[in-house]
1. Report, by residue number, each residue of the stretch 43-60 that is of a type in the set (A, V, I, L, M) and surrounded by fewer than 13 Cβ atoms within 10 Å (Cβ to Cβ).
2. Kindly evaluate GLU38 against the criterion of being of a type outside the set (Lys, Arg), within 17 Å of THR22 (Cα to Cα) and at pLDDT 95 or above.
3. Among GLU92, GLU63, GLU78, which is the only one that is within 10 Å of the chain's Cα centre (by Cα) and open to solvent by 80 Å² or more (accessible area, probe 1.4 Å)?
4. Filter the stretch 66-75 for residues that are among the aromatic types (Phe, Trp, Tyr) and either open to solvent by 40 Å² or more (accessible area, probe 1.4 Å) or free of Cβ contacts under 8 Å to residues at least 40 places away in the same chain (or both); which is nearest to HIS21 (Cα to Cα)?
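The values are calculated or read from the model by the stated rules, or taken from the named source; none is laboratory data. None of the values given here were measured: they were computed from a predicted structure. We place every Cβ from the backbone using ideal geometry, glycine too, and count neighbours over all the protein chains shown. Quick note on the areas: whole protein, heavy atoms, side chains included, nothing else; ligands and nucleic acids left out. Shrake-Rupley method; radii C 1.70, N 1.55, O 1.52, S 1.80 Å.
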Amino acid sequence: MKKIMFSSVLVALMSSSAFAHTALMSCFDNGDGTVTCEGGFSDGSSASGVQFSVIQNGKVVIEGKFDKESTYTFKKPEGEYKAKFFAGEGHEVVVNSKDIAQ
């Protein structure tokens, strides 16, 4: 019985650590009218294939997926906008254009 209990606790601990990762994204103004965003997860996982969008005035104006290097480059829209990383519920990061460094 003790072996089963120990195994259950070990599996539970391993499962929680396997799912415990936080979505991360940083965006940089390239100075040439484009912005590059880099995505990933706190456990080092790639963001390749993760959904990316640019939202302006509540509408999606650019949509795509992170490439194999976990980056997405887009033409910077005029005015305020938000860059959004979305890898599912609880794995969303939004960066406001005013917070994007050049």
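1. VAL60
2. Values: of a type outside the set (Lys, Arg): yes; within 17 Å of THR22 (Cα to Cα): yes; at pLDDT 95 or above: yes.
Yes; evaluated as a whole, the condition is true for this residue.
3. Exactly one of GLU92, GLU63, GLU78 is within 10 Å of the chain's Cα centre (by Cα) and open to solvent by 80 Å² or more (accessible area, probe 1.4 Å), namely GLU92.
4. PHE66
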